[in-house]
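Asker: Dropping the structure in here first, questions after.
The values are calculated or read from the model by the stated rules, or taken from the named source; none is laboratory data. Remember, it's a predicted structure, so these values are computed and weren't measured experimentally. Backbone-built Cβ (ideal geometry, glycine too); neighbour counts: all protein chains shown. Areas reflect the complete protein model, heavy atoms only, side chains present, ligands, DNA and RNA absent. Shrake-Rupley method; radii C 1.70, N 1.55, O 1.52, S 1.80 Å.
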Amino acid sequence: MEDFEWHDPLLITDVSFLRQQGLHHTNSQTHAECILPTLCSSVGSLMENSAESGPTVDGRSVIGFSLASPDLVICMGSHDVPSPRYELSPEFFKSGDRIDVSLENGIKGSEMKESLENPAGNEEEICTDSSFELVASPFVEQNSIKHCTHVMSINVGSTDRIVFEGAIQFSEDCCFNGGDIMRTNDPITGDGEGLSLYHTARFGNCSYHFEILESGTYMVDLYFAEIVFTDGPPGMRVFDVFLQDQKVVSCLDIYARVGSNNPLVISDLKTCINGDEGLLIRFEGVIGSPIVCGISIRKFASAEAGEVELLERMGLAYMPQCESPQDIGYGSMDGEFHRLQMEHESQEKELVETKRVLEEVKRENELKSRECQEALKSLNDLRNELMRKSMHVGSLAFAIEGQVKEKSKWFSSLRDLTRKLKLLKMDHIALLEEATSFKQCLADIDDVSSIIQSKINEHTQLCDDVKIKFVEGVKERKELYNKVLELKGNIRVFCRCRPLNPEEIAAEATMAIDFSSEKDGELIVKSNGISKKIFKFDAVFSPQADQADVFKDTAPFATSVLDGYNICIFAYGQTGTGKTFTMEGSHDNRGVNYRTLEELFHIVEDRKKTFRYEISVSVLEVYNEQIRDLLISESQPGVTSKRLEIKQVVEGGRHVPGIVEARVTNVNEVWEVLRTGSNGRAVGSTNANEHSSRSHCMHCVMVKGENIINGECTRSKLWLVDLAGSERIAKTEVQGERLKETQNINRSLSALGDVISALATKSPHIPFRNSKLTHLLQDSLGGDSKTLMFVQISPNENDLTETLCSLNFASRVRGIELGPAKKQMDSTELFKYKQMVRVACLIRKNTSKLEFVPSYDANLFS
Ligand code: ADP
Ligand code: MG
């Protein structure tokens, strides 16, 4: 079915089985004169048609049903389908005899009418409708003997020509109404003289009215030929014929039946004339115009006439009424009478015999008529059956129509799906192509990534090597740096002298210190203009040295804190010698505290790619052996803060629980914190200056470092301590509370000295806990930690005693570190070493990048 192209609205049904049944009859079709109005014959003709030109599916015959109309329409014989052909039913052929069947005539057995015979031997066809379907059958008297008398025949279209067709004479045209005359000189097929009847015709809708005909039953023969549309095609001329306004021929298409220039005779069209109405024959076109060549009318004879004819055929003369013997003369009368009598008797006997034969013939005739009636009855039954079947088929067609509609819906959805499938297939192909290209891309990417991976591996390897080298380098640097600081001394002492203040200058105070050998870290104490003692420190800063000069030598400690070492920087000295100035400084002239933290952040910034640092600051005060947090903001004047204690933590360090550790990330925050601490120190007392001199102000900077490269972590502390004034108690001559303060200060300062001393002598016991100050500083004194002491002195000769005390204390601290052996070196030997180190330093200065190296020996050995 897939190959078959559907043209709605025809539904195709397989009728091959019917065709097979009727196939062997088709060779008899040329003898067809009429048809049986059975479905079988219709189907048979349809099969014939379909076999020639109709649809076949897979070699099978099919029949079409129109889906436009629910009624059954056999497409053959429709106006829409030209060239319908009718053939005989299989029953007809089975009979072997030719039977003329029509509703008008009944069944006539094998008797043939001459007029029906086709002289050319061509088949003649009669439209089914004319003979049995549409025309109501006129009553045909049973038992009547068919006998017709020729009444009249006309050569239609001829005005002057009388022609003979067989024995019938056709006179010129008459009694017509409408139509035009057509003539042809073409030979009619099998043309002989007799066929000149077909050379003229009447063309167009027309009628013939024979008024002269008396009432009775008539038989009409009509003669047709297609002489106009000689090239066809079929369907150009289709028309109906009416007798007495009754359609007797329907949809006659001459060309379709016999082609052009071929005679077609429709005979024995029976009609009745009542009264003096005459006979009316009408030709009416369905498609195109009707055409007719001849009309022949015969009258149906009476029964008596038929009987006479029958007798004649039996060879018997019609016996007239006998004359009476009385009419004959006497003489030979007796003999003659006797002979006649004898003859009469024998004739009577013959008559009796004849009557008997006649009776038999009548009986036979009755029998035949009954048979005819039965045949007619069965014919009617068949017709009813056909109607019933037609209706059934109609309903089937209706149902099929629904199915076909459904099917067409399915077909359309199938088409849609097919279209979608095609689109999807195209998409699929496109995606496949894309996928292939992506695959290729992936392969390329894999290649590139493997190359990159190998490069990365190379670089990682390289980086690891570099890292290792770097870490080693850092470690080495740290160690070297530490070594340098150690060489410089883990406890270093810088001496700073303040300038004479305006009052002292006004009082013309004398300078007791000579800074002529300041560069060598030496200062000379004079008394009354005479040099009394030379002091030597790691650095000596004269009154002219500014904060920056001082810090220059302090900066390396900041690096050391970030390297993980604990540092302690404190300022020691008599009140008013500039401890606070050195450590805190002023806003415009910032001291060691701020500058160290500033330096820390500079180094943090420099190292940010390799180290991560967290810096926090605590500010506290030790006064009378009590620790006070200077960053507690709620501290109010006169209100003492809660007491803080020192605790040892797990890692071994010291910690003051509850102390504020302010996190700082930049120098601005540092300044804020320092100022807060400074203010806190000030508010703690009614007399800020006095108080500050008698307490230790301590800044603790806590640094957490992480080496990003190797994950190494460090924790270190930087203590920045502004110690209380170191002036001697005897001089101050104080009492009560002030005495207690002074004692506490002296104790803590001497504890500091003791601790340093114990560290220097590597004593097994270091007395850190003797004061809060040393206890707090425990982590940053001794071991790896570095200590820087600023010894602050006054230049005023009036302060000389205190100055000497401070310088002696500082010398003790420094002397301990350097060790007595070194001290004991003689000056020539020392000079020799100095020279050697200087040379070595010059060489290293040119080769090493460590810029601090030259300074260390200069200070160390100066
Ligand atoms: P301390 O803290 O030791 O008691 P201060 O730091 O308060 O001493 O200093 C006392 C005074 O001396 C302050 O007015 C300070 O400005 C001044 N002073 C101290 N050292 C210097 C210095 N190097 N240059 C200038 N002025 C100084
Ligand atoms: Mg001070």
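Asker: Ordering 203, 239 from largest to smallest accessible area (1.4 angstrom probe), what's the sequence?
Answerer: The residues order as 203, 239, largest area first.
Asker: Still on this model: Residue 520 versus residue 443, label points 7 Å from Cα toward the beta carbon: distance in nm?
Answerer: Spacing of the two 7 Å Cα→Cβ label points: 8.5 nm.
Asker: Under 1.5 on a/c is rounded, so check that first for region 185-281, then, if it is not, pick prolate when a/b is larger than b/c and oblate when it is not; a ≥ b ≥ c are the square roots of the alpha carbon gyration tensor eigenvalues.
Answerer: The shape class here is prolate.
Asker: Let me ask something else about it. Going down the table (469/609; 609/704; 579/772; 533/786), which pairs top 18 Å between alpha carbons?
Answerer: Too far apart for the 18 Å limit: 579/772; 533/786.
Asker: Ordering 444, 180 by how much accessible area each has at a 1.4 Å probe, largest first, what is the list?
Answerer: 180, 444
Asker: Going by a ≥ b ≥ c, the root eigenvalues of the Cα gyration tensor, does region 322-447 fall in the rounded group (a/c under 1.5), the prolate group (a/b larger than b/c) or the oblate group?
Answerer: Prolate is the answer for region 322-447, as a/c is 1.5 or above and a/b outweighs b/c.
Asker: Considering only protein heavy atoms, what is the solvent-accessible area of residue 419 at a probe of 1.4 Å, reported in Å² to the nearest 10?
Answerer: 130 Å²
Asker: Taking the Cα centre of region 723-809 as the origin and placing charges on Cβ (Lys, Arg +1; Asp, Glu -1), which of 793, 808, 763 is farthest toward the positive end of the dipole?
Answerer: 763
Asker: Give the calculated FRET efficiency between residue 762 and residue 801 to the nearest 0.05, with a Förster radius of 41 Å applied to their Cβ-Cβ distance.
Answerer: The pair residue 762/residue 801 has a calculated efficiency of 0.80.
Asker: With the Cα gyration tensor of region 530-569 giving a ≥ b ≥ c as the square roots of its eigenvalues, does the rule (a/c under 1.5 for rounded; else a/b larger than b/c for prolate; else oblate) give rounded, prolate or oblate?
Answerer: Numbers: a/c = 4.74, a/b = 2.02, b/c = 2.35.
In terms of gyration-tensor shape, oblate.
Asker: While we're looking at this one, here's another question. Of 410, 719, which has the most accessible area with a 1.4 Å probe, and how do the rest follow in descending order?
Answerer: I get 410, 719, largest accessible area first.
Asker: Can you compute 3J(HN,Hα) from phi for each residue in region 271-287, using the Karplus curve 6.51 cos²θ - 1.76 cosθ + 1.60 with θ = phi - 60°, rounded to whole Hz and x for Gly and Pro?
Answerer: Taking θ as phi minus 60°, the curve returns 8, 10, 10, 10, x, 10, 6, x, 10, 10, 10, 10, 10, 10, x, 9, 10 Hz for region 271-287.
Asker: Would you please name the GluC sites (Glu not before Pro) within region 167-258 that are DSSP coil residues with at most 12 other C-beta atoms within 10 Å of their C-beta? Present the calculation step by step, with values, prior to reporting the outcome.
Answerer: Working: sites: 172, 193, 211, 214, 226; in loops: 211, 214.
Within region 167-258, the qualifying GluC sites (Glu not before Pro) (loop, at most 12 other Cβ atoms within 10 Å) are 211, 214.
Asker: Would you check the accessible area of residue 230, probe 1.4 Å, heavy atoms only, in square angstrom rounded to 10?
Answerer: Approximately 40 Å² of residue 230 is accessible to the 1.4 Å probe.
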